[in-house]
Each structure stands twice: as C-alpha cells, then as structure tokens.
Amino acid sequence: MGQEAGGKEVDGRGVEIVSEEREEAELPAGRWTATRRTWRSRRRRLVLIVLSVLILPYALIGLYLLEFIHPVSTLMLRDLVLLRGYDRQWVEFDDIAPVLVQSVMMSEDGQFCAHAGIDWAQMRGVVEDALDGEQTRGASTIPMQTVKNLFLWNGRSFVRKAMEVPLAIAADFAWSKRRLMEIYLNVAEWGEGIYGIEAAARHHFGVSAAKLSRRQAALLAVSLPNPIDRTAGKPGRGLRRLAAVIERRAGRSGGYITCLYD
C-alpha cells in the first residue's frame, strides 16, 4: 500500500482507497445531485401539464367547428362529477325563436355582430374605472361568456380574464357568428341544473325554444347574469321592468343582427 503523487492512497493493485471520512463527506453531494435531478424532472412534468391545460381549449375550439359535436360546459361537468345530473337538450340555431336571440343580444352584447370577440371600447372603460378606484361594470361579450362557460370557471379574477380574452378572440375567429351564438345558447345556465335554451324554455314556461314569446324571451335574457337568483318563470317587479326594456330594444334590433339572419 502506498501513496501516489497528489495525495491519493492506493493499495498494491493501484486501486484508490477511499477512507470512511471521505466517503461520508461525498455522500451528501451525491444525494443533492440526485435530488436536483428529481426536481428538474418533476418541474418539466409540471410545465408540460400546465402547457397542455393551456393549449387544450384551443384544440377544442377547432374540434367544435364540427356542427354535429354538442359541447358541454365546465358547470355541467361539475354537476356530473358531483352526481347531481343536469337538464340540457341541444337545439339547432334555426330552431330557436329569433326573439330570444334578439333579446339575448340586446341584453348581453349589443355589438356582437360588430366586434371580433372583444368590445375594446367597453373593456377600456372598465379598466379606467378600476384604475380610478370606481366600481367596475361588466364588459363580457357573448364570445367571452361562451369560452368561460366551456373552458374556465366562475368568479372574478385577473387570471381567468387573462385566459378568457385570447380564447374569445380565437373562438370568434374560428366559428361563425351563428355557431358561436348556437353554442352559447346551448350551454348557458338558466337555473340550478338547467342548461341551454331548450331546457330553460320548457322548465320556466312549458314551451319549446322555438315557441317563446317576446316577453318570455326578454325574461330569460335578463335572468342570464344571475340565473340562480333571477328566476325567469317567477319574475319580481325589478326583473319585469328590465325585461320590458329589453323587449323594446329587441323589437328595434334589426340592424344589429345582420350577422345571424339574412
């Protein structure tokens, strides 16, 4: 047994002898390297999962171009997971009373045919109000509400809004206005476990979506912002007053709905 130049101790066969003290000193470094590799692997996996979640809605927007596919909302999926069940019967756009479409547009998004997913003038007003510390009003367009219902969650947050805006632009670009409105009216919530205009019309008024009257259509439209508290079938005085306003606007909406009806 001898010692090489450089201070390494070797045995008679020239094999380095590692002392117990040196072995113990080197073990933590090896473990640290293994730990770092494990965390890098987990981080890569997490990044891939996050990217997949972010990309999936855009892939589904492309898939939903196929008109025989009837999308479901995140709230419907929640009800299924919680074993609640829900009521929704898909109805084609041409089988929905035009007065309902007009009422929803006048109540929710009067510039639906004019913008490309986002009403930037309304959005700027909301941002300015927020910066001034004032109470903000809603600026969600029908495309924004549609992608929120399909891919995101309820509740106000900047994260959700940041995801909602590009999704709304993508949906408005990919889908025709008729397809967009058809999907929206078939996934919108109109009561506890009541989704889509056909189920809503039958639940609240006992008629099909094609047979809704102007007043019934207006009541359903003004209940959309809060369908749990605003019951179209049993409206209070305030809801009836709002419905009367929307009914008048819907009657004068011919110039606003040219993207939906020839």
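The values are calculated or read from the model by the stated rules, or taken from the named source; none is laboratory data. Values in this document were obtained by computation on a predicted structure and should not be read as measured data. Reconstructed Cβ throughout: ideal geometry from the backbone, glycine too, with neighbour counts over all protein chains shown. Calculation scope for accessible area: heavy atoms of the full protein, side chains included, ligands and nucleic acids excluded. Shrake-Rupley method; radii C 1.70, N 1.55, O 1.52, S 1.80 Å.
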Which one of VAL72, TYR256, SER107 has its Cα pushed farthest toward the positive end of the charge dipole of the stretch 37-260, where Lys and Arg give +1 and Asp and Glu give -1 at the Cβ?
VAL72
Which percent of the accessible heavy-atom area of the stretch 63-196 goes to carbon and sulfur, probe 1.4 angstrom?
59
What whole-number value in Å² describes the accessible area per residue of the stretch 37-260 for a 1.4 Å probe?
53
How much length would be gained if the chain were fully extended between LEU83 and SER52, taking 0.36 nm per residue of separation minus their Cα-Cα distance, in nm to one decimal?
8.5 nm
Could you check the spin-label model distance between ASN226 and ARG42? Points 7 Å from the Cα along Cα→Cβ, value in nm.
4.3
